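What follows is a single structure, written as structure tokens, with notes after it.
The values are calculated or read from the model by the stated rules, or taken from the named source; none is laboratory data. These figures come from a predicted structure and were not determined experimentally. No Cβ is skipped: glycine too gets one built from the backbone with ideal geometry, and neighbour counts run over all protein chains shown. Ligands, DNA and RNA are stripped out before the accessible areas are found, and what is left, the full protein with its side chains, is counted by its heavy atoms. Shrake-Rupley method; radii C 1.70, N 1.55, O 1.52, S 1.80 Å.
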Amino acid sequence: MRLPATAALAALGVLASCSHAKKAPPPAPLPVVLPLVAFEAVKVEKLGFVGGTLAFRARIDNPNTTPISAVRVEYALDLEGSRAAQGAIDPALAVPAMDASGAPGTNAFTLPVQVRFAGLPGFAKALAEDREADYALGGAVVFSTPAGEVRVPMAQAGKVTVPKRPRIRVEKVVLRSASAKKIVLEMRIDVENPNDFEVPPGRIGCGLLLSGKEVVRADVLVEAPIAARGGASLPVPIEISPIKAGKAVARLLIPFTSLDVRVKGEAVFGGVPVPLDLGTSILPGG
């Protein structure tokens, strides 16, 4: 049976419409196996008393049959439980596809992180205890793949070298004069820098405790940097009012050979605190 021309045209239109409706969808993106990010080492590239630069080296393994690129590394670093640094870098790193034997393609990057020690609550404790500091690094590596951007979390924890605290001691406390109105002492504080870099200028604030009671406070400025492996000797003149200090200083008004005292307070160099709790003696002098 032959269709009229108008019917044939209509049938062709219906067929074209059906063909359009059943058009195959675009191919799905290539499946992507997540790359592996593994840290290999952390190195202190630059260290000073107020901060330093840590370099984290990481390896990337690509188990896919197509190359990928690391386009961004986002990071956050905690030191002794406090946030020390955060940010992102663009490594622009190409990672080749796995080879014919099935071995993953590999490449590596180094993440430099600058750290300032001032203002980190836990850092003072590590400094006072002369030990390495605990760190925790977290974040993600962002990859560009045939399936679009993918994020791979990264994490690493361990210990890292930090500066050594300055060695502070009270060389001597000498009684220069004593009367019912005024007691004059001279205290000498020695500061030794055990580091291979200089310690910046700072200040030392402390209280003198006699019989467990603070009888006077003293402050001294460390006006010049303390050279690497060097030291400084700081005289600290002290005046005590017996009226204000009360019975605690009565022993300084009578003859004695030696009186045990404590010096408590804090030294601050470049914004980094160093706690003080030192024992010494007051000696009679001329």
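Would you check if there is a residue in segment 159-170 being within 25 Å of Leu111 (Cβ to Cβ) and in a strand (DSSP E or B)? Yes - at least one qualifying residue is present in segment 159-170. Once segment 129-152 is narrowed to residues that are open to solvent by 40 Å² or more (accessible area, probe 1.4 Å) and either part of a helix (DSSP H, G or I) or free of Cβ contacts under 8 Å to residues at least 60 places away in the same chain (or both), the residue that is nearest to Ser69 (Cα to Cα) is Arg151. Close Cβ contacts (under 8 Å, 6 or more residues apart or on different chains) running from residues in segment 34-60 that are over 18 Å from Leu79 (Cα atoms) and without any contact (Cβ under 8 Å) to a residue 12 or more places away in the chain to residues that are open to solvent by 40 Å² or more (accessible area, probe 1.4 Å) and of a type in the set (A, V, I, L, M) are absent. Annotation note: of Ala228, Ala180, Ala224, Ala218, the sole residue that is aliphatic (A, V, I, L, M) and open to solvent by less than 30 Å² (accessible area, probe 1.4 Å) is Ala218. Picking from residues in segment 116-128 that are touching a strand residue (DSSP E or B) at 6+ places or on another chain (Cβ under 6 Å) and in a loop (DSSP other than H, G, I, E, B), the one that is most open to solvent (accessible area, probe 1.4 Å) is Pro121. Of all residues in segment 162-177 being surrounded by 14 or more Cβ atoms within 10 Å (Cβ to Cβ) and over 19 Å from Ser233 (Cβ atoms), which is farthest from the chain's Cα centre (by Cα)? Applying the filter and picking the extreme gives Leu175.
Here Arg251 qualifies as open to solvent by 40 Å² or more (accessible area, probe 1.4 Å), part of a helix (DSSP H, G or I) and in contact (Cβ under 8 Å) with a residue 12 or more places away in the chain. Looking only at residues in segment 75-93 that are open to solvent by 40 Å² or more (accessible area, probe 1.4 Å) and aliphatic (A, V, I, L, M), the one that is farthest from Ala118 (Cα to Cα) is Ala92. All of (1) of a type outside the set (Phe, Trp, Tyr); (2) out of contact with any strand residue (DSSP E or B) (no Cβ under 7 Å at 6 or more places or on another chain); (3) surrounded by 15 or more Cβ atoms within 10 Å (Cβ to Cβ) hold for Ser101 with one exception: (3).
Any residue in segment 266-274 that is among the aromatic types (Phe, Trp, Tyr) and exposed (fewer than 13 other Cβ atoms within 10 Å of the Cβ)? No, because not a single residue in segment 266-274 is among the aromatic types (Phe, Trp, Tyr) and exposed (fewer than 13 other Cβ atoms within 10 Å of the Cβ).
Arg188 meets each of the listed conditions (1) out of contact with any Lys or Arg (no Cβ under 7 Å at 6 or more places or on another chain); (2) closer than 30 Å to Lys247 by Cα; (3) part of a strand (DSSP E or B) apart from (1).
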